[in-house]
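J.: If you scroll down you'll find the structure; I have some questions about it.
The values are calculated or read from the model by the stated rules, or taken from the named source; none is laboratory data. As the structure is a computational prediction, the values presented were derived from the model and not from experiment. All Cβ positions, glycine included, derive from the backbone under ideal geometry; neighbour counts span all protein chains shown. Surface accessibility is based on the protein's heavy atoms, side chains included, excluding ligands, DNA and RNA. Shrake-Rupley method; radii C 1.70, N 1.55, O 1.52, S 1.80 Å.
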Amino acid sequence: MHSAQRDSQVAIPLNLVEAINRALRQAMEDDDSVVLLGEDIATNGGVFRATEGLKEHFGLRRVMDTPLAENLIAGMSVGMASQGLKPVAEIQFMGFIYAALEQLISHAARLRNRTRGRLSCPLVIRAPFGGGIHAPEHHSESTEALFAHVPGLRVVIPSSPARAYGLLRAAIACPDPVLFLEPKRLYRLQRLPVAIDDEPLPLDRCFTLRAGEDVSLISWGAMIHETLAAADQLAEDGIKADVIDVATLNPLDRDTLIATAGKTGRVVIVHEAPFTGGFGAEIAATLASDALMHLRAPIERVTGYDTPMPYFAMEQQYMPRVERIVAAAKRCMAY
Amino acid sequence: MFSSAPYTMHERLPSLDSNSDWSRLIQAYQAMALIRCFDKKAVNLQRTGQLGTYASCLGAEAITVGAGLSLENHDYFVPYYRDHATQYLRGVPLYQILQYWGGDERGNAFPAQTPAVRDLPNCVPIASQLTQAAGIATKAKLCHESAAVLATCGDGATSRGDFYESLNVAGVWQLPLVVMVNNNQWAISVPGRLQTASQSIAHKAEAAGIEGIRVDGNDLPAMLDVLDYALDKARHGKGATLVEAVSYRLSDHTTADDASRYRKASELHAAWQREPVARLRQALVDAGHWQADQEKQWQTHCQQEVDKAVQTYLQQPPQVPTDMLDYLYETLPESLQAQRTVLSEHAGGRHA
Ligand SMILES: [Mg+2]
């Protein structure tokens, strides 16, 4: 029955922010307990228009403009989620999420655990993250590693419209708290076909975007774009890259990462966040212990520098570029 | 019906109206005496190494019992960590309260079929429960429940942004929320005058556009008046209330604290003259509704109940170590299976 249903469905061309909007709309249609809250999300439809039209469709009771307080948004979401609602909260930019940390770390992530299953916290916090759109100060950070360190908090990062749709549907359906980080540089980059079906994507699996046996390029979020471009360039030189979109930092699909390292023996990890203590370090450590005998070259990490995200005049110099990824892959090949 | 001029202290004791609800007042006194007895035992258990750090409710009995009696079953309770009597009156057994303070998360798995089953557990990070209470109040409003949410906190919590953020949204959204501050004059070692320059804590309601009420937190009948009023108002969609219950912390902050380092003995001695349990007992005795033999019987009963709770607490089997992983997610992610195996192999039982 399900496959017949899928056959009848047409893939619709959507950009990433439109896919988010579609996923929210569909989740709200399917489940009355899904409510949205955040700053400027109702009448304005969100500063990136992720919630455009939803207030008109579902009303102010389910699409709530909150007072301007991120800590409040997170705390209210915890309260709602503890009593059976499924709040999907928007933090306008990841640079403002820190006021919500206490709620996420001390409450959302541990409510089920500390009540031994009596209460749970099925919330989703959405936040646009990452640089490259010439935004004001504090609007371009990538601090996903802070959150991936928190037991009990799932961290999910889509890198295409289809994965944005499928992963957000899964995140909303998930009974655990999810931080859903949206690479805002990709919001309007391109429209790609998105199948609007009911099959959610897994929240604990990497996606293999391209298969190759020479080198593994591992990344997530907006950097998938540069990583795929690097794979194209390497292919011109006859180097075939496995491209892995990690997509869920917590829980981490170590098996897929170990398998790709086992296959190629050469690994380049790419992320926009700073180097030291970045999530690439966790992946590198995993491979250093669990794929050591297969490695043919030191693990390379192509990342941002250990500096605050520069204001936009210098953000391009900060962000990992295709050339750096290609050069790292070639160092692996030449080792 | 309760009414008072804004921010003036509402008081009822020492004498009671002849048309008081005597059975409710007696029930309140009995609960206050029970929790006083429990509290003393809990401190002793900590002193003898049988309980972890414990936050005493000595001096807060009228507040925590008043809350328990004013809440209806379908209301929600969002506590800080000094409302043991409210939890008890909502259906949490005394042994489970000890289990929580004994370092065991099972103490937060409140029993099904009791009003407590939906209540939030104790909240240790100061004031962070208040935004959650606002979220629960939003849920109650969205779902057209005629339920109120009662959140409690201490005077120190009123300095945190969470406190204002919660009152603020409760004002804007007309939430069915009552925030009750136990102003016991001390936030660990910092006295109220160093916490705020506001004329009173109740005055802080003004900025949020909600009603603020001061009440004598050592006066159980006054507490019932105010909480009945505020919770009823919330249930009927008439908005949020800030209640400042003025009491005095007769204990140390917790068993890990030594208040003699920062608090004068004379101040403590003066505060004992107004303590809530003796005040209510005296008023009931004066009105002829509580006799010496009843008192004796009830004290014996309290001791028996507390002893039973201690026995039950001490007899609980240890937790299974893998519980720390098994309750983290609804389903343990595959990636944690290896850690779970290590844990179950290396943490065979309770550490001696
Ligand atoms: Mg205090």
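J.: Counting only DSSP beta bridges with both residues in region A:207-334, tell me the antiparallel percent, nearest 5. Intermediate values should be presented prior to the final figure.
T.: Working: 3 of 16 bridges.
Once the DSSP bridges in region A:207-334 are tallied, antiparallel ones form about 20 percent.
J.: What does the C-alpha gyration tensor say about the overall shape of region A:68-196? Classify as rounded when a/c is under 1.5, otherwise prolate if a/b is larger than b/c, or oblate. Before the final figure, lay out each step's value.
T.: Values: a/c = 2.15, a/b = 1.40, b/c = 1.54.
Because a/c hits 1.5 or more and a/b fails to exceed b/c, region A:68-196 counts as oblate.
J.: Based on the alpha-carbon gyration tensor of region B:81-201 and its eigenvalue square roots a ≥ b ≥ c, which shape applies: rounded if a/c is under 1.5, prolate if not and a/b is larger than b/c, or oblate?
T.: It is oblate, given that a/c is not under 1.5 and a/b is not larger than b/c.
J.: Next question, about the same structure. Amide H neighbours of A:VAL35 under 5 Å, at least 5 residues apart or on other chains, H built in the peptide plane: list them.
T.: Sorted by chain and number, the residues that satisfy this are A:LYS86, A:VAL88.
J.: Something else now. Place a point 7 Å from the Cα of B:ALA287 along the Cα-to-Cβ direction; which residues of region B:206-242 have their backbone N under 18 Å from it?
T.: The answer is B:216-229, whose backbone nitrogens lie closer than 18 Å to the label point.
J.: Which cysteines in chain B lack any other cysteine whose Cβ sits under 4.7 Å from their own Cβ?
T.: B:CYS57, B:CYS123, B:CYS143, B:CYS153
J.: Tell me, how many Å apart are the Cα centres for region B:7-73 and for region A:96-168?
T.: 41 Å
J.: Quick one: order B:VAL215, A:VAL10, B:VAL246 from most to least accessible surface, probe 1.4 Å.
T.: On the way: B:VAL215 0, A:VAL10 110, B:VAL246 20 Å².
The ordering from most to least exposed comes out as A:VAL10, B:VAL246, B:VAL215.
J.: Could you name the aspartates and glutamates whose alpha carbon sits less than 12 Å from that of A:LYS240, not counting residues in the same chain fewer than 8 places away?
T.: Result set, ordered by chain and number: A:GLU213, A:ASP214, A:ASP232.
J.: Moving on. Residue-wise, which Karplus ³J(HN,Hα) couplings in Hz belong to region B:157-166, taking 6.51 cos²θ - 1.76 cosθ + 1.60, θ = phi - 60°, and x for glycine or proline?
T.: After applying 6.51 cos²θ - 1.76 cosθ + 1.60, I find 4, 6, 8, 7, x, 3, 4, 5, 4, 6 Hz.
J.: How big is the B/A interface in buried accessible area, both sides summed, 1.4 Å probe, to the nearest 100 Å²? Don't jump to the answer; show the numbers that get you there.
T.: On the way: alone 16420 and 14250 Å², together 27070 Å².
In total, this chain pair buries about 3600 Å².
J.: Okay, moving on. Quick one: what are the phi-derived ³J(HN,Hα) couplings along region A:214-223, Karplus 6.51/-1.76/1.60 with θ = phi - 60°, whole Hz, x for glycine and proline?
T.: With the stated coefficients, region A:214-223 comes to 8, 8, 9, 9, 10, 7, 7, x, 4, 5 Hz.
J.: Mind grabbing the accessible area of A:CYS174 for me, 1.4 Å probe, Å², rounded to tens?
T.: Here the residue's solvent-accessible area equals roughly 10 Å².
J.: Report the semi-axes of the equivalent ellipsoid for chain B in whole Å, largest first, where each axis is √(5λ) for an eigenvalue λ of the Cα gyration tensor. Mind dumping the intermediate values first?
T.: Details: eigenvalues 212, 138, 82 Å².
So the three semi-axes of chain B are 33, 26, 20 Å.
J.: Rounded to the nearest 5, what % of the DSSP beta bridges within region A:195-278 are antiparallel ones?
T.: Working: 3 of 11 bridges.
Antiparallel bridges make up about 25 percent of those DSSP assigns within region A:195-278.
J.: In whole percent, how big is the carbon plus sulfur part of the accessible area of region A:221-260, probe 1.4 Å, protein atoms only? Let's see the in-between values first.
T.: Numbers: 560 of 1220 Å².
Roughly 46 percent of what the probe reaches on region A:221-260 is carbon or sulfur.
J.: Give me the one-decimal nm value for the distance between modelled label points at A:ALA334 and B:GLN30, 7 Å along each residue's Cα-to-Cβ direction.
T.: 8.7 nm
J.: When the accessible area of region A:8-195 is split by element with a 1.4 Å probe, what percent falls to carbon and sulfur?
T.: On the way: 3080 of 5780 Å².
That share works out to 53 percent.
J.: Anything losing 50 Å² or more of accessible area from the isolated chain to the full protein assembly: pick those residues out of region A:100-124, probe 1.4 Å, ligands and DNA/RNA ignored.
T.: Residues meeting the cut-off: A:GLU102, A:HIS107, A:ARG112, A:ASN113, A:ARG114, A:ARG116, A:ARG118.
J.: Using a cut-off of 11 Å between beta-carbons, work out the net charge of the residues near A:VAL178 (Lys and Arg +1, Asp and Glu -1, A:VAL178 not included).
T.: On the way: positive: A:LYS86, A:ARG126, A:ARG154; negative: A:ASP176.
Result for the local shell: +2.
J.: How much area per residue is accessible in region A:95-146 when the probe is 1.4 Å and only protein heavy atoms are counted (Å²)? Intermediate values should be presented prior to the final figure.
T.: On the way: 1610 Å² over 52 residues.
Per residue, region A:95-146 has 31 Å² of solvent-accessible surface.
J.: Can I ask one more? Over 29 Å between Cα atoms: which of B:LYS141/B:LYS308; B:LYS41/B:LYS233; B:LYS141/B:LYS204 fall into that group? All intermediate terms of the calculation are to be shown ahead of the outcome.
T.: On the way: B:LYS141/B:LYS308 40 Å; B:LYS41/B:LYS233 37 Å; B:LYS141/B:LYS204 24 Å.
Over 29 Å apart, Cα to Cα: B:LYS141/B:LYS308; B:LYS41/B:LYS233.
J.: Using a 1.4 angstrom probe on heavy atoms only, work out the carbon and sulfur share of the accessible area of chain B in %. Before the final figure, lay out the partial values.
T.: Details: 7460 of 14690 Å².
Answer for chain B: carbon and sulfur cover 51 percent of the accessible area.
J.: Anything losing 30 Å² or more of accessible area from the isolated chain to the full protein assembly: pick those residues out of region A:66-84, probe 1.4 Å, ligands and DNA/RNA ignored.
T.: Checking the loss per residue gives A:PRO67, A:ASN71, A:LEU72, A:MET76, A:GLY79, A:MET80, A:GLN83.
J.: Send over a whole-number figure in Å² for the accessible area per residue of region A:168-304, probe 1.4 Å. Could you put the intermediate results ahead of the total?
T.: Values: 4840 Å² over 137 residues.
Heavy-atom accessible area per residue stands at 35 Å².
J.: Moving to a separate point now. Between B:GLN337 and A:ALA211, how high is the FRET efficiency from 1/(1 + (r/R0)^6) when r is the Cβ-Cβ distance and R₀ = 22 Å? Nearest 0.05.
T.: Numbers: r = 27 Å, r/R0 = 1.23.
Efficiency, rounded to the nearest 0.05: 0.25.
J.: Here is a further query. Taking the Cα centroid of region B:152-167 and of region A:54-87, what is the distance between the two, rounded to the nearest whole Å?
T.: 20 Å
J.: Might you tell me the accessible area per residue for region B:22-314, computed with a 1.4 Å probe and given in Å²? All intermediate terms of the calculation are to be shown ahead of the outcome.
T.: Working: 10450 Å² over 293 residues.
With all protein chains present, region B:22-314 gives 36 Å² per residue.
J.: Okay, next question. By DSSP, what percent of the beta bridges with both residues in region B:22-314 are antiparallel, rounded to the nearest 5?
T.: Details: 2 of 23 bridges.
Close to 10 percent.
J.: Write down, largest first, the equivalent ellipsoid semi-axes of region A:207-334 in whole Å, where each equals the square root of 5 times an eigenvalue of the alpha-carbon gyration tensor. Don't skip to the end; give the middle numbers.
T.: Values: eigenvalues 95, 58, 33 Å².
Semi-axes (√(5λ), whole Å): 22, 17, 13.
J.: While we're on this one: Could you give the nm distance between label points at B:THR53 and B:SER20, where each point is 7 Å from its Cα heading toward the beta carbon?
T.: Result: 3.8 nm between the two label points.
J.: May I ask for the net charge around B:GLY91, where only other residues with Cβ less than 12 Å from the Cβ of B:GLY91 are counted and Lys, Arg are +1 while Asp, Glu are -1?
T.: Details: positive: B:ARG90, B:ARG118; negative: B:ASP119.
Spelling it out: positives minus negatives among the neighbours equals +1.
J.: Please calculate the 1.4 Å probe accessible area of A:SER33, with all protein chains present, and give it to the nearest 10 Å².
T.: Here the residue's solvent-accessible area equals roughly 30 Å².
J.: Can you quote the Å³ per residue value for the convex hull of the Cα atoms in chain A, rounded to an integer?
T.: Details: hull volume 47.3 nm³, N = 335.
Dividing the Cα hull volume of chain A by its residues yields 141 Å³.
J.: May I pose another question? Report the accessible area of B:SER266, computed with a 1.4 Å probe over the heavy atoms of all protein chains in place, in Å² rounded to the nearest 10.
T.: Counting only protein heavy atoms, the figure is 80 Å².
J.: Same structure, new question: Apply the Karplus parameterisation 6.51 cos²θ - 1.76 cosθ + 1.60, with θ equal to phi minus 60°, to every residue of region A:263-272 and state each ³J(HN,Hα) to the nearest whole Hz, in sequence, with x for glycine and proline.
T.: Calculated HN-Hα couplings, in order: 6, 9, x, 9, 10, 10, 9, 10, 8, 7 Hz.
J.: Here's something else I'd like to know. What number, in percent, do you get for the relative contact order of region B:137-206 if the mean sequence gap of Cα pairs under 8 Å and at least 6 apart is divided by its residue count? All intermediate terms of the calculation are to be shown ahead of the outcome.
T.: Working: 70 pairs, mean separation 26.3, N = 70.
Value for region B:137-206: 38 percent.
J.: Decide, for region B:1-146, between rounded, prolate and oblate: order the square roots of the alpha carbon gyration tensor eigenvalues as a ≥ b ≥ c, take rounded if a/c falls under 1.5, and otherwise choose prolate if a/b is larger than b/c, else oblate. Could the numbers behind the result be given before it?
T.: Values: a/c = 1.76, a/b = 1.16, b/c = 1.52.
Cα axes put region B:1-146 in the oblate bin.
J.: With all pairs of different alpha carbon atoms counted, what Kirkwood hydrodynamic radius in Å does the protein assembly as shown show? Walk me through the intermediate numbers first.
T.: Values: mean 1/r = 0.0365 Å⁻¹.
Computed over Cα pairs of the protein assembly as shown, the Kirkwood hydrodynamic radius comes out at 27.4 Å.
J.: Where does the charge balance sit around A:PRO274 when Lys and Arg score +1, Asp and Glu -1, over other residues with C-beta under 13 Å from its C-beta?
T.: Computed value for this residue: -3.
J.: Straight-line reach from A:LYS184: which lysines fall under 24 Å, measuring Cα to Cα and dropping same-chain residues less than 8 apart?
T.: Of all the lysines, those that pass the test against A:LYS184 - Cα under 24 Å, at least 8 places apart if same chain - are A:LYS55, A:LYS86.
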